[in-house]
Structure formats: structure tokens, C-alpha cells
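Here is the structure we will look at.
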Amino acid sequence: GIASPAQTPVAIDPGLSTIVQVAIVTKDIDASAKRWASVLGMEIPKITTTRPSEEVRVVYKGKASKGQAKLAFFKLGQVVLELIEPVGKDTSWKQYLDEHGEGVQHLGFQVRNLDQSIANAQRAGMPVLHRGRYDKDNGDYVYLESEKALGVTLELLYSDPPRK
């Protein structure tokens, strides 16, 4: 079961004090990006498709996944608004779209210690749902099974230390 906050007063990671990303899953990223650009008074961002999943080691529910996504990013101060259109299946993005339709799928946080954060989350009843490497292969993203406990999926973002 999910531990209550009273039972688990230790934060998963100090990085969870600052939201850096809000992500919306959409059926049509082109249309969504146009609508958001209009509302925000911004240019439509470049829409990219993630690299093949085997290159960025995508794992969904403990198994290798072939799923990808089309992405668009709006920089809004400390927070990035990410639009995601699932490509293929076997991802948390497709799962969210199938179960809920379009909407806010996750909140992203830059964590300081990924392995410790994952261990703390698992102890709090939120195991890893979906993970992979950034397209530039310079960091990891990890989605936790936190929707039942928190109403939204938490994403742990961890950038690799700079190479010397």
C-alpha cells in the first residue's frame, strides 16, 4: 500500500521542492502546440520525435519498450510546459491517454540523487512505472507510479554530471 505522509516524513529527494516541468499528453501535438502558442503569445516550438527506444533504453512496467513520443517544449520561467503525443504503445504516455484522454500526465522535478530517490519512492509505495535516457544521452527520466496516491505521476529528472 501507499504510505501516508505521517508515516513517511522524509522527502523522496530535496529536488522535489521545485517543479521544473508540467507535461500534458495529447492526441495531436501539432494542434495542441498551436493552441498553447496562441494562448501564451509565443512561437510554436519545434516538435521532435524521441530517438528509437532501444537507443535511449526505454523500460515500461519492467520490460523493454518500443514506444516513442513527439515532444514540444514551452519555456515558462522555472517551469517548462511539455506537450507529449505518444507514438506506439507500452509507455506511460499511451497508458494515460487511453485511461484519461488528454490532460496533465506528470509533474517533473530535478533530483539530486536518482538511485536514492527511486529507493525512497519505492519505500513510500511508488515504484518505477517507466524510464529511459534523455535523447542527448546526458541524463535519465523516471516516472513513478504515484497517480493513485497523488493524483498525478511524478517524474524524476536527473542530468549526468558534466564530463571532464
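The values are calculated or read from the model by the stated rules, or taken from the named source; none is laboratory data. Computed from a predicted model, the values in this text were never measured in an experiment. Methodologically, a virtual Cβ is constructed for each residue, glycine included, from the backbone with ideal geometry; neighbour enumeration extends over all protein chains shown. Surface accessibility is based on the protein's heavy atoms, side chains included, excluding ligands, DNA and RNA. Shrake-Rupley method; radii C 1.70, N 1.55, O 1.52, S 1.80 Å.
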Exercise. Identify all residues within region 60-78 that are under 13 Å from the mean Cα position of the chain (by Cα) and in contact (Cβ under 8 Å) with a residue 60 or more places away in the chain; write none if there are none.
Key: TYR60
Quiz item: Mind checking whether some residue in region 51-62 is farther than 18 Å from ASP28 by Cβ and in contact with a helix residue (DSSP H, G or I) (Cβ under 6 Å, 6 or more places away or on another chain)?
Solution: no
Exercise. Output the qualifying pairs, or none if there are none: Cβ atoms under 8 angstrom, residues six or more apart or on different chains, first residue in region 118-147 and under 20 Å from ARG51 (Cβ atoms) and without any contact (Cβ under 8 Å) to a residue 40 or more places away in the chain, second residue among the β-branched types (Val, Ile, Thr) and surrounded by 22 or more Cβ atoms within 10 Å (Cβ to Cβ).
Key: VAL142/ILE118
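If you take the residues in region 36-58 that are among the aliphatic types (A, V, I, L, M) and open to solvent by 50 Å² or more (accessible area, probe 1.4 Å), which one is farthest from TYR141 (Cα to Cα)? Quick ask: steps written out before the conclusion?
Looking only at region 36-58, we keep the residues that are among the aliphatic types (A, V, I, L, M), and these are 37, 39-40, 42, 44, 47, 56, 58.
After this cut, where a residue has to be open to solvent by 50 Å² or more (accessible area, probe 1.4 Å) as well, the list is 39-40, 42, 44, 47.
Working: VAL39: 28, LEU40: 26, MET42: 27, ILE44: 24, ILE47: 19 Å.
Checked region 36-58; the qualifying residue farthest from TYR141 (Cα to Cα) is VAL39.
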Quiz item: On the given criteria, is GLU145 in contact with a strand residue (DSSP E or B) (Cβ under 6 Å, 6 or more places away or on another chain) and closer than 12 Å to ALA23 by Cα?
Solution: no
Quiz item: Mind checking which pairs have a first residue in region 27-41 that is part of a helix (DSSP H, G or I) and a second that is of a type in the set (Ser, Thr, Tyr) and open to solvent by less than 30 Å² (accessible area, probe 1.4 Å), Cβ under 9 Å, 6 or more apart or different chains?
Solution: SER32/THR26; ALA33/THR26
Quiz prompt | Residue list for region 52-71, restricted to those being among the basic types (Lys, Arg) and under 10 Å from ARG133 (Cα atoms) | solution = ARG57
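Name the one entry in LYS136, LYS70, LYS94, LYS46 that is farther than 21 Å from THR18 by Cα and out of contact with any strand residue (DSSP E or B) (no Cβ under 8 Å at 6 or more places or on another chain). Steps first, please.
Working: LYS70 fails: out of contact with any strand residue (DSSP E or B) (no Cβ under 8 Å at 6 or more places or on another chain); LYS94 fails: out of contact with any strand residue (DSSP E or B) (no Cβ under 8 Å at 6 or more places or on another chain); LYS46 fails: out of contact with any strand residue (DSSP E or B) (no Cβ under 8 Å at 6 or more places or on another chain).
None of the others qualify; the one that does is LYS136.
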